[in-house]
């Protein structure tokens, strides 16, 4: 059995590794990828990393600890991508060798949107969540021998990201539910249970302590406690976005989009020209209701897979509702966050193979409908996998052909033109920080009025109007009295940027010349287009 699995797994693993390597070689990293890299690179110690530089990130330190070790050897961020690809490939290997899925399902899962693109090509901590979830699923059949290994996995999972914490809690509660409903054949040793519980609780505490924002945090503040139809619609729509992750293929800036996203204002009014005698408010309300209905339908179909397996139903309900609750009350997030819903769903399907269907009367379904239900479940599961693969192939191929970010191109241009040693101003800071990551140097950020590499998301950081931005640029240039390189992520065609250009002569005297060097555009991530300016003293 194991030999057959191993032989069948190698073509899949090697294929995934090959495509993954092509992907990272052609992928230009964006702000958040390099933010984590710079935090690890510029930390003087592990204590400095975990208890000072990570305070404003809202993430636990597991991913950053790995990067910290790499940055002790090299400052080339490409090695972060290799590290990320290694983790993603190990995840696929575990899926291919130990999961109960068919070969077709394994290939579809491995080359789905999240596995191939979002959590393989884009280097973020979410890849650790997949790896640890798969390890948990592979170890789950041996739970009756002891919980120590499972508790260690949950400790690590809780320290990947906030969604990993929610999933770890759901999995921990599932082990309790499993123990109560399905008594082990041999009683477990008390010390095994006690130590496992202590390990699990320790992992939760460590994660929570690291994610508690400091008093002066300036990111994701407040809680959403009131009922809001639009907020509810957006929250439930994360189910659809996650289970059917097909981007808006007609949109060049496809990343982060979905076929089920709310239409923008211009799109709405353009559509209404073809729908006469329609009130806009009624039409929008109808769209929101439809989005909610579709999301609830998908979730109901997912629940039907576990309806006669109470432990897995409990697991799925806890994890999914936990993530949705966090999404509604705290942070709506983006597609990279929503993907954790579908990854957790896959883990539930995996674990469901270890259970027989329950004979509980409350869960019984008429015999004549069992065959139909099973057929619908298979069709639904395959539909989810094929939809994800379509999204993955589209996103992967688009990233190979087009620049994901222009940050690397800007950094290469700066090196080629021997501008590296010049004073640099970058705005908006979070976009310009990409250059600090690639160039391995500090940049002056007007928003925080300081030099730095990674962004510190505290309340001292302020977004600036064009006039205030130019005043800060002028003060910096006059104080240093040197030729200065200005990096902006405003597009020249943008009205806001035209205002910026027209304001410059009003603030700089005739002894200074401000000229445009080069514009970098057409990146997939719309915020990573840049214009370089040279501010020279005559």
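Each reported figure results from applying straightforward, stated rules to the coordinates on display, with no laboratory input. It should be emphasised that the depicted structure is a prediction, and the values quoted were computed from it without experimental measurement. When we count neighbours, we look across all protein chains shown, and the Cβ atoms used for this are built from the backbone with ideal geometry, even at glycine.
Kindly express, to the nearest 10 degrees and within the range 0 to 90, the angle between helix 466-480's C-alpha long axis and the longest C-alpha principal axis of the chain.
60
Which order do peptides 440-449, 387-396, 245-254 fall in by mean Cβ count within 10 Å, highest first?
Most protected by this proxy first, the peptides run 387-396, 440-449, 245-254.
Taking only C-alpha pairs under 8 Å that are 6+ residues apart, what is the relative contact order of the chain in percent? Don't skip to the end; give the middle numbers.
Working: 760 pairs, mean separation 100.7, N = 538.
Relative contact order of the chain: 19 percent.
Round to the nearest 0.05 the FRET efficiency obtained for residue 397 and residue 86 when R0 = 22 Å and r is the Cβ-Cβ distance. Display every interim value, and only then the final one.
Details: r = 23 Å, r/R0 = 1.04.
Efficiency, from the Cβ-Cβ distance: 0.45.
So what is the relative contact order of the range 407-537, in percent, for Cα pairs below 8 Å that sit 6 or more residues apart?
Values: 204 pairs, mean separation 32.8, N = 131.
Averaging sequence separation for qualifying contacts and normalising by length gives 25 percent for the range 407-537.
For the range 62-201, take every pair of Cα atoms, bin their distances at 10 Å starting from 0, and report each bin as a whole percent.
11, 36, 32, 17, 4, 0
Given the chain, what percent of its DSSP beta bridges are antiparallel, to the nearest 5? Walk me through the intermediate numbers first.
On the way: 17 of 22 bridges.
Antiparallel: roughly 75 percent of the beta bridges in the chain.
Give me the angle, in degrees from 0 to 90, between the Cα long axis of helix 78-98 and the longest principal axis of the Cα atoms of the chain, rounded to the nearest 10.
Between helix and principal axis, roughly 10 degrees.
Kindly list the residues of the range 165-201 that lie in the label zone of residue 329, defined by a backbone N under 20 Å from the point 7 Å along the Cα-to-C-beta vector.
Residues 165-174 qualify, since their backbone N sits under 20 Å from the label point.
Could you check what % of the DSSP bridge pairs in the range 407-537 are antiparallel, to the nearest 5? Mind dumping the intermediate values first?
Numbers: 16 of 21 bridges.
Percentage antiparallel, nearest 5: 75.
Could you tell me how many degrees, from 0 to 90 and to the nearest 10, lie between the Cα long axis of helix 2-26 and the main elongation axis, the longest principal axis, of the Cα atoms of the chain?
The helix 2-26 is inclined about 10 degrees to the chain.
How are the Cα pair distances of the range 167-238 distributed, in percent, across 10 Å bins from 0?
Calculated P(r), rounded to whole percents: 13, 27, 28, 20, 11, 1.
Can you tell me which of 28-36, 94-102 comes out highest on packing, and rank the rest after it, using the mean Cβ neighbours within 10 Å?
Working: 28-36: 23.0, 94-102: 18.4.
Taking the mean over residues of other Cβ atoms within 10 Å, the ranking is 28-36, 94-102.
In what sequence, highest mean first, do 105-113, 466-474 appear when ranked by Cβ atoms within 10 angstrom? Intermediate results must be reported in sequence, preceding the final value.
On the way: 105-113: 22.3, 466-474: 17.0.
Averaged packing, sorted descending, gives the order 105-113, 466-474.
Specify, per residue and in Å³, the volume enclosed by the convex hull of the alpha carbon atoms belonging to the chain.
Numbers: hull volume 98.3 nm³, N = 538.
Per-residue hull volume (Cα only) is 183 Å³.
Rounded to the nearest 500, what is the chain's calculated 222 nm mean residue ellipticity when only DSSP H runs of at least 4 contribute -39500 (n - 2.57) each, over all residues? Mind dumping the intermediate values first?
Numbers: 19 runs with 312 residues, N = 538.
-19500 deg cm²/dmol, from helical runs alone.
To the nearest whole percent, what portion of all C-alpha pairs in the range 407-537 is separated by more than 25 angstrom? Please list the in-between numbers first.
Working: 1518 of 8515 pairs.
So the portion of pairs separated by more than 25 Å is 18 percent.
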